[in-house]
1. Computed over the Cα atoms of the range 44-116, what is the ratio Rg over Rh, Rh following Kirkwood?
2. What are the ³J(HN,Hα) values, in whole Hz, obtained from phi via the Karplus relation 6.51 cos²θ - 1.76 cosθ + 1.60 with θ = phi - 60°, for each residue of the range 263-271 in sequence order, with x given for Gly and Pro?
3. Going by amide H atoms built from the backbone, whose H comes under 5 Å of the H on Phe164, apart from near neighbours?
4. Using the heavy atoms of the protein chains and a 1.4 angstrom probe, tell me the accessible area per residue for the chain in square angstrom.
5. Eigenvalues of the Cα gyration tensor times 5, then square-rooted: what semi-axes does that give for the range 247-292, in whole angstrom, largest first?
6. For the chain, what does the helix formula give at 222 nm: sum of -39500 (n - 2.57) over DSSP H segments with n ≥ 4, over the residue count, nearest 500 deg cm²/dmol?
7. Provide the per-residue ³J(HN,Hα) series for the range 301-316, in order, calculated from phi with Karplus coefficients 6.51, -1.76, 1.60 and θ = phi - 60°, each as a whole number of Hz, with x at glycine and proline positions.
8. Round to the nearest 0.05 the FRET efficiency obtained for Arg302 and Gln217 when R0 = 30 Å and r is the Cβ-Cβ distance.
Amino acid sequence: MISRNTVRGARMLGLGAYRPRREVGNAEVCRLLDVDPDWVLARSGIRSRRFAAEDESLVAMSAAAGRDALAAADVDAGAVDVTLVATMSHTATSPQVATQVAHALGAVNGPAMDVGAACAGFCYCLELAASLIASGTADHVLVVGVERMSDIVDPADRSTAFIFGDGAGAVVVGRSDEPGIGPVAWGADGSQADLIVQEPTWRDRGADDAFPGLRMQGPAVFRWATTRMVPLAQEAMELAGVKVEQLAAFVPHQANARITDALARALALPEHVTVADNVVDTGNTSAASVPLAMHGLLTAGRAAPGDGALLMGFGAGLTFAAQVVRLPAVLAPPADAAA
């Protein structure tokens, strides 16, 4: 499906996911917002999300997802050459999450680093992994998207409190004779950085200020996403030499259901293309969104390993990325903390 002339010899070999144990419905998050749960559903398409407990740290969730991804790929942790962790919710500047994840898994034979590209972080890291493999620098790269958004969202902020959730997803990227990861279409637009910000900053925070919380200009973000992401998706398909009718699945960042629906309509997706929609019970998990959405499709039988899919991430920065891929293998039964 993906043109051999445009794709490096890399693909996602295995996928794992971790969803925190605690499910939080709209009624609970609305207690401090003075809004009705049905208003949240109508505005976002979200019914519930998961919030991580104290023991479900970024490292613990990443390691659980990574362990399952390695098992699904049948790759030993010692064979991982590079570990990349995409996250925007790490509340400590040091040490990085990735170094601790690599240690927890035993992936200690190569470098590890965090990538802070918000909701586009997983797609950014997927391109970095494919490039490392194409250059001959690595044979296997572990890519993790993980967030504890409940740590950085103000529970009384009506622009963000009902949107975000926690979780982790991970893939093992390795060499492949068959094309599996298309060239990326990506970019950044710092001119609109003020649409999604953490305020106050750590530097500006006074002694009596609340924990710096994420603030978002929702209507402006909606307009930007539904306008800018359509040509980005078309560019990714053109780079991969793929027509929309050749796709089996569309896996956009799970920002909210209204954005997903608008993108699907604008791309004129054929009926046979499955659209990821797990935002309804996962919420917006930022860098974990795309791998969790892939995992949801595969474990529900709505897509199969090897299917062609268009991935898309977009968020704070503003950052954005899209690529056509072949979906990876998952473990059966799925590893779900709530199961």
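1. Over the Cα atoms of the range 44-116, Rg/Rh equals 1.02.
2. 5, 4, 5, 5, 7, 6, 5, x, 4
3. The answer is Asn284.
4. 39
5. 18, 11, 8
6. Here the helix-only value at 222 nm equals -9000 deg cm²/dmol.
7. Coupling constants for the range 301-316: x, 8, 8, 10, x, x, 5, x, 9, 9, 9, 8, x, 7, x, 3 Hz.
8. Computed FRET efficiency for Arg302 and Gln217 comes out at 0.35.
The values are calculated or read from the model by the stated rules, or taken from the named source; none is laboratory data. From a predicted model like this one, the values you see are computed outputs, not experimental measurements. Here the Cβ is made from the backbone with ideal geometry for all residues, glycine too, and neighbour counts use every protein chain on show. SASA here: full protein model, heavy atoms, side chains in, ligands and nucleic acids out. Shrake-Rupley method; radii C 1.70, N 1.55, O 1.52, S 1.80 Å.
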